[in-house]
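The values are calculated or read from the model by the stated rules, or taken from the named source; none is laboratory data. Bear in mind that the values here come from a model prediction, so they are computed numbers and not experimental data. Positions of Cβ are backbone-derived with ideal geometry, glycine not excepted, and every protein chain shown enters the neighbour counts.
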């Protein structure tokens, strides 16, 4: 039931949303060769090969990669099922599989609208935990002794920085199991082994903090004002993504705690739950990994229901999840995603002025480099420090002022999307970085800015020439140096 509903929901959502994130094989090949992104490569290799294969077969690349995203979401659900079966029981595992397929967050995150390294890293991390349990239960049998390090290596190959964080619960449990084994052993090697374990644990902790955790948190904190998913979740996010799980998971935790004596690996679930709860409460993006222990716990009270009651709950949960996702997803993608017209605008730049210096929102840097074959101005400096300068440029009150500032950064083209400034009956909304000048905008004050004229009145601009327009995206040439 969960399989059919989840599959139907993902196909319906992926096919009904008109504005989807554009994924081009050339874009992924850029990822493979970008010096600052070499820690992300496993998913990019798969996407590049799949994209080029689909092009050779005459299949839409975006469609092929959407199918890949859907399959990865099913892999995440399957890995959650396997983990729940090891940590709880078979009936709860079936419910965990269903909840992962049909509740709001996985439907939105895994609908084939975009691909990111978390799409692959999540199921790999869950399967790493499953392989660890199998390794411990088999008392170190060779097949599992090989599978566990291989799964761990695949996680680090997907994204070494994120993997160093999300594998902490798994390796902590492994360390605890090894420590307990040494403490319960007898013989003359007990104390040396114990000292070696303590030294190894302390060294690993210090290395992880210095090399991975501190840089990762500094990077996240530096961009937290620019990226909504790096901000702490609010009440809206709790209700939107967790909804029914806010009720079911605490009940499941209480039941699980009572059964802890009969459950062999309960500590691993607690490590997953409380570690990723802290990550989630710090950064909304942590919900990707926090959702796994949450749905496992939520599945426990549902597993006590009879099958007729289960069918009713299945239908209710799926219906409301689908309605919620259908209502919000097009807006989310339009505001935060990469639209097809932005992709076409970058293609135009690549054809007419490759190697140009392009000013655009910071999230479009890699699109400009990979598709437009140009240099994004935003990428040359620290994103956080350039945010105020970016806003100051676009909110210049005259063309002369804008061009004077643009010359400082040697800007050739400006790529703007209507999402940067939306005028409506209640005022205006913007996706500009939330610095003071953007926060203090009012409709009368913004009407004379260069950004307003670029989006709504290009005919009023004389020295900044509109050279290409498609959909909600426009490309402007500074001082019209080129013929267009």
Original post:
Is it true that residue 372 is modelled with pLDDT of 75 or more and either crowded, with 20+ Cβ neighbours inside 10 Å or not in a helix (DSSP H, G or I) (or both)?
Top reply: yes
**OP:** Could you grab me the full set of residues in the stretch 128-153 that are buried (at least 18 other Cβ atoms within 10 Å of the Cβ) and closer than 19 Å to residue 41 by Cβ?
**Re:** 128, 151, 152
Original post:
Restricting the search to the stretch 356-367, which residues are at pLDDT 85 or above and outside any loop (DSSP other than H, G, I, E, B)?
Top reply: 357, 358, 359
Original post:
When the residues of the stretch 408-429 are filtered to those that are out of contact with any strand residue (DSSP E or B) (no Cβ under 6 Å at 6 or more places or on another chain) and free of Cβ contacts under 8 Å to residues at least 24 places away in the same chain, which remaining residue is surrounded by the fewest Cβ atoms within 10 Å (Cβ to Cβ)?
Top reply: 425
Original post:
Are there any pairs, at least 6 apart or on different chains, whose C-beta atoms fall under 8 Å, with the first in the stretch 175-204 and without any contact (Cβ under 8 Å) to a residue 12 or more places away in the chain and not assigned by TED's automatic domain parsing to the domain that holds residue 139 and the second assigned to a loop (DSSP other than H, G, I, E, B) and surrounded by fewer than 14 Cβ atoms within 10 Å (Cβ to Cβ), and if so, which?
Top reply: none
Subject >> Residue match in the stretch 319-331 (condition: exposed (fewer than 15 other Cβ atoms within 10 Å of the Cβ) and under 18 Å from residue 471 (Cβ atoms)) >> reply: yes
Subject >> Set 435, 414, 422, 391: member being over 18 Å from residue 476 (Cβ atoms) and modelled with pLDDT of 75 or more >> reply: 422
